[in-house]
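Data block below; observations after.
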Amino acid sequence: MSTLLDIQDLAINFKTRSGDVHAVDGVSFQLEAGKVLGIAGESGCGKTTTALSIPRLLPSNARLVRGHILFDGVDLMQFSEGEIEKIRWKQISMVFQGAMNALNPVKTIGAQIIEPIVWHEPAIARGDANQRVLELLERVGIPAARARSYPHEFSGGMRQRVMIAMALACRPKLIISDEPVTALDVMIQAQILNLLKDLQKQMNLAMIFISHDLSVIAESCDEIAIMYAGKLVERGSIRKVFSQPAHPYTQALIRSFPNIYGKQELIHGIPGYPPNLIHPPTGCRFHERCDRCIDICAQSEPVLREVGEGQIAACHRIGETLP
Amino acid sequence: MNATAVPASRPPNLWVQVWEIPLGRAGIILLGIVLVLSLVGPVVFPFNPKDITSTAADILQPPSSMHWLGTDELGRDVFRETLVGARLSLLVGLLATAISITLGSIIGLLAGYYRGAVGITLMRVTDFFLVLPLLPLIIILAAIFGQSFSITIMVIGLTSWPSTARIVRSQVISLRERQFIERIRSLGATDLRVIAVHILPNVLPLIYANTVLVIAGSILSEATLAFLGLGDPVRVSWGTMLHFGFVAGAAGRGAWWYLLPPGLGIVLVVLGFTLAGHTLDQLLNPRLREF
Amino acid sequence: MNPALLSIKDLKVYFELRQGLPLPWREPDVVKAIDGVTFDILEGEVLALVGESGCGKTTIGKTLLRLIEPKAGIIQYRDQDLAHLKGVSLRAMRQKMQLIFQDPYESLDSRQSVFDILAEPLVIHQRVTQKKDLQACVFEALESTGLHPAAEIAQRYPHHLSGGQRQRVAIAAAMILEPEFIVADEPVSMLDVSVRAGILQLMLALRHQKNLTYLFITHDLSLAWVIADRIMVLYLGKVIEIGPSDRLIHAGTHPYTQALVSVIPSPIPDRSREQIILKGETPSPVHVPEGCRFHPRCWKFQRLGSPKECLTQEPDLRQVAEGHLAACHFLD
């Protein structure tokens with residue numbers, strides 16, 4: 001397997017009136033071609049910022065402090081805006097949460113799906129491009145006849161399918177899905193998740209799947225990265241992390257979701273609230289809310305270390321939890 | 001999910017915000033000058049309307065060191081007359097606006113809050129007034145009720161409220177669907193309380209902005225009425241000055257100094273209120289704020 | 001079993017869609033948001049109301065509180081019929097029933113301080129007249145919902161609070177009149193996962209302290225399973241199954257319930273289980289299908305070779321076991 005994406009020591013700040021928000025601080029991970037990585041965490045943990053920095057889609061007040069984003073061996077950080085534009089949609093495409101906002105209300109969906117194709121492949125014959133749009137629609141489960149419909153004629157689930165067709169239009173290598181099923185009903189959510197899973201396998205896509213919902217990630221990813229307050233706190237295969245979570249935050253997060261195949265008991269929470277990232281806490285960023293916090297946690301920052309096969313976590317007390 | 005944090009501090013005072021926008025600042029400066037001149041001016045330069053001469057040498061004289069802006073057709077000082085006229089123009093504008101805004105706000109609040117028969121009826125009445133050709137109506141009303149200062153105010157006030165009612169109503173309609181209003185209703189609050197304590201404060205900024213615009217309109221209406229000869233003939237306003245100047249043939253005799261000061265006064269005051277009002281509207285009207 | 005606090009009989013809520021002129025020969029489109037539901041809410045229980053968006057769950061909650069007018073039916077609250085209360089007696093009843101909303105950013109008036117938000121219900125119903133007593137009541141309510149220090153929180157405005165804190169303020173405001181019955185409409189779905197548990201624990205603790213009854217509206221079946229005593233499943237404005245929560249999740253009998261349960265994502269990966277994915281989406285409540293309203297999407301209907309009953313006859317709720325009812329012609 002070859003490494004498709006290699007993020008090294010990424011740090012991103014947001015300039016705000018009250019000061020710089022350290023949204024992402026020293027995040028590194030790799031993604032192999034054809035694999036699905038889930039990034040989980042609560043709102044404000046930096047998962048969306050990390051992912052959107054890859055196709056350079058961050059808001060204008062974001063500043064890249066340091067780091068490298070190697071895609072197919074090339075550092076995207078060195079690219080000009082124009083060069084990045086050539087990669088967006090062509091190599092890296094996105095599926096967002098609110099499909100209605102991402103679609104143009106006055107254009108048919110067919111016209112919107114064809115746009116990236118024509119833009120990235122100017123040599124393509126009109127007929128071939130149209131043919132590809134119809135194939136894409138069939139592929140995401142929309143009858144080809146509906147290419148001439150407008151976004152408002154579709155339900156939320158169908159619009160999300162349109163978004164997926166658009167993301168696939170130029171046969172990218174990597175798809176970034178940011179909370180793709182969050183606003184959808186359970187049944188529609190299951191439909192979309194299965195569709196994404198099938199397409200990913202058929203087309204051997206690499207995917208970054210961002211969600212606050214651990215259950216959704218558990219169902220659709222190969223690996224998971226847990227973020228807290230701008231830091232990567234744990235990473236590993238889905239099976240490992242869910243069966244033997246090493247970081248206290250991961251453990252607490254898993255206990256925050258009810259599991260109908262487990263014990264019927266009220267979910268557990270985490271006391272307190274996520275920290276203010278203008279002045280992040282010293283030491284481990286989770287120490288204020290952690291039930292296993294000792295003196296050293298407030299003083300020095302734990303580094304990520306191997307805790308099992310292909311599983312890493314950043315906690316001072318990990319040695320003690322291992323058998 | 002990833003909503004950014006709301007800023008913790010409240011925005012600065014509204015007038016400070018208006019001041020920071022160049023057009024708004026120009027409006028405030030204009031209004032400030034006119035207000036000071038109209039309040040202080042007549043005290044420093046008193047004007048006696050009965051100070052009439054019949055000597056031809058004093059009538060419609062061009063500006064001189066004696067009369068800075070010349071004299072009118074009765075030999076009175078135009079400069080002093082303009083300062084006094086400002087008072088009446090502003091007063092009519094403010095009082096008519098008070099009637100108009102009160103009426104418009106109440107009707108707008110009720111029409112927006114009660115969606116049934118009450119709301120529909122009020123809106124039909126509003127639409128009726130909105131499409132009435134205003135000037136002929138005002139002329140007829142003024143002709144019926146006579147020419148006096150208070151009638152002018154009533155007529156302007158009673159015909160200019162529909163736009164306020166419409167703006168307030170549309171805002172109330174969107175507010176009453178908001179969850180916090182529904183929560184208050186589910187607590188068992190009376191309609192009066194919901195409207196007065198929760199809806200009114202939320203539409204008040206919009207009413208402020210509208211008030212400033214309505215004042216500009218009212219001053220213009222007063223000037224129009226007075227110019228047409230429907231104003232109060234015994235009081236001096238900018239409108240009556242224009243009327244008497246026109247009747248006396250000031251335009252034909254080249255007596256520009258008689259028509260220019262009141263005309264320019266109206267233009268500047270209306271401009272001042274309009275600039276300030278539009279800036280307020282931009283800051284406060286939720287429909288204009290973003291997109 | 002506890003006696004019923006509320007008994008709802010054949011409740012209907014219709015909305016008319018206005019299109020063009022109200023000409024006498026033109027029948028207006030009617031949305032049958034609630035199309036005849038009958039159920040009890042027992043004293044002291046948590047009844048979860050689940051279903052997909054558009055099934056009418058929020059409409060039921062708001063109709064019980066008389067924030068939406070019912071078209072027909074009876075809402076028996078102890079010995080009073082809420083559906084026909086008016087004016088002063090309705091306002092008096094409102095003290096006993098409160099609503100907790102989904103979005104704590106929207107449900108509080110941003111112009112009011114926390115103190116004013118909490119004092120308002122007491123002022124409306126003239127429960128407290130002395131200013132000193134008012135303060136004592138407000139501080140006590142804040143403390144009891146875990147908002148410390150009360151004196152400091154009371155001075156703040158909603159935008160100074162986090163989502164979890166706002167929801168606590170909303171709960172405190174709902175509890176301050178000491179109600180008996182609470183409708184909670186997705187009270188945690190807008191909150192971060194780590195603070196959800198705290199809010200739910202608070203709601204359940206208050207239930208025991210103050211002997212409350214909850215109608216808990218949620219789209220999340222697994223959450224309903226852990227918080228509720230009974231679960232009621234709604235489809236297109238009709239109750240299709242109701243029963244004890246564990247039974248409903250693990251021994252649900254209606255094909256719709258079974259499908260919904262089968263697609264609940266589980267945080268335990270690699271569980272081999274059969275998902276029943278329903279095709280298409282819930283139809284519009286303007287055009288409710290004939291017969292059983294679920295049949296166009298029903299997997300069992302297809303497996304059984306399109307039986308005639310499903311096409312022609314609307315199934316009634318039938319008893320499956322003690323306290324467990326379902327509306328299907330072909331129950332397991």
Open item on the list: So if I take the centroid of the Cα atoms in the range C:286-332 and the same for the range B:221-291, what is the distance between those two points in Å?
Closed with: 75
Open item on the list: Using amide H atoms built in the peptide plane, which far-off residues or other-chain residues are under 5 Å from C:I276 H to H?
Closed with: C:S262, C:V263
Task: Rule-of-thumb Rg ratio for the range B:175-273 [Cα; 2.2 N^0.38 Å; N residues] - done: 1.80
- [ ] Pull up all non-local amide H partners of C:S189: gap of 5 or more, or a different chain, and H-to-H distance under 5 Å with H placed in the peptide plane.
- [x] none
Task: Calculated FRET value between C:A72 and B:D191, using beta carbons and R₀ = 30 Å, to 0.05 - done: 0.75
Open item on the list: Can you tell me the length gained on complete extension of the stretch C:W25 to C:H159, counting 0.36 nm per residue apart and subtracting the Cα distance?
Closed with: 43.1 nm
- [ ] Calculate, for A:R239 and C:H148, the FRET efficiency according to 1/(1 + (r/R0)^6) with r their C-beta to C-beta distance and R0 45 Å; round to the nearest 0.05.
- [x] 0.60
Task: Shielding by partners - mean other protein chain Cβ count within 10 Å, residues of A:175-187 - done: 4
TODO: Take each of the peptides C:108-114, B:134-140, A:310-316, A:173-179, average the number of other beta-carbon atoms within 10 Å over its residues, and list them starting from the highest.
DONE: A:173-179, A:310-316, C:108-114, B:134-140
Open item on the list: As a test of the formula, what do you get for the protein assembly as shown when each DSSP H run with n ≥ 4 contributes -39,500 (n - 2.57) and the sum is divided by the residue count, at 222 nm and rounded to the nearest 500 deg cm²/dmol?
Closed with: -13500 deg cm²/dmol
TODO: Determine the distance separating the Cα centre of the range A:232-277 from the Cα centre of the range A:109-126; give it in Å without decimals.
DONE: 43
TODO: Measure nothing fancy, just the Cα-based angle from helix A:156-168's long axis to the longest principal axis of chain A, in degrees from 0 to 90, nearest 10.
DONE: 80
Open item on the list: So if I take the centroid of the Cα atoms in the range A:190-217 and the same for the range B:87-159, what is the distance between those two points in Å?
Closed with: 62
TODO: Give the peptides A:248-254, C:146-152 in descending order of average Cβ contacts within 10 Å, highest first.
DONE: A:248-254, C:146-152
Open item on the list: What percentages make up the Cα-Cα pair-distance distribution of the protein assembly as shown when the bins are 20 Å wide from 0?
Closed with: 11, 34, 33, 16, 6, 0
- [ ] Please determine, in degrees from 0 to 90 and to the nearest 10, the orientation of helix C:193-210 with respect to the longest principal axis defined by the Cα atoms of chain C, where the helix direction is its Cα long axis.
- [x] 80
TODO: Would you mind estimating how fast the range C:1-154 diffuses translationally, via Stokes-Einstein at 37 °C and 0.692 mPa s with the Kirkwood radius over Cα pairs, in µm²/s?
DONE: 176
Open item on the list: I'd like the FRET efficiency for C:H287 and A:D198, computed as 1/(1 + (r/R0)^6) with the beta carbon distance as r and R0 of 30 Å, rounded to 0.05.
Closed with: 0.45
TODO: List the pair-distance distribution P(r) of chain B, using every Cα-Cα distance, as the percent of pairs falling in each 10 Å bin from 0 up to the bin containing the longest distance, rounded to whole percents.
DONE: 6, 23, 28, 21, 12, 6, 3, 0, 0
Task: Shielding score for B:185-194, defined as the mean number of other chain Cβ atoms within 10 Å - done: 6
Task: Inter-site label distance for A:R17 and A:Q30 at 7 Å from Cα along Cβ, in nm - done: 4.5
Task: Degrees between helix B:117-131 axis and first principal axis of chain B (Cα, 0 to 90, nearest 10) - done: 30
Open item on the list: Averaged over its residues, how many other protein chain Cβ atoms are within 10 Å of peptide C:98-105's Cβ atoms?
Closed with: 3
Task: Unit charges at the beta carbon, dipole of the protein assembly as shown: most positive-side option, A:P151, C:H254, A:V233 - done: A:P151
Open item on the list: Let me understand the range B:110-169 better: what is its radius of gyration from the alpha carbons, and its Dmax, in angstrom?
Closed with: 13.6, 40
Task: Two-decimal Rg to Rh for the range A:81-145 - Kirkwood Rh, Cα set - done: 0.97
- [ ] Would you mind giving the average projected area, over all directions, of the Cα convex hull of chain A in nm² with one decimal?
- [x] 18.2
Open item on the list: Sort A:208-216, B:61-69 by packing, meaning the average of other beta carbons within 10 Å per residue, with the highest value first.
Closed with: A:208-216, B:61-69
Open item on the list: Please compare each pair in C:K9/C:K62; C:K9/C:K71; C:K86/C:K210; C:K9/C:K57; A:K47/A:K173; A:K263/C:K210 to a cut-off of 18 Å on the Cα-Cα distance and tell me which ones are over it.
Closed with: C:K86/C:K210; A:K47/A:K173; A:K263/C:K210
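A short reminder: the numbers here are calculations on the coordinates, not readings from a lab. All values derive from a computational prediction rather than experimental measurement. Cβ coordinates were reconstructed from backbone atoms using ideal geometry, including for glycine residues, and neighbour counts include every protein chain displayed.
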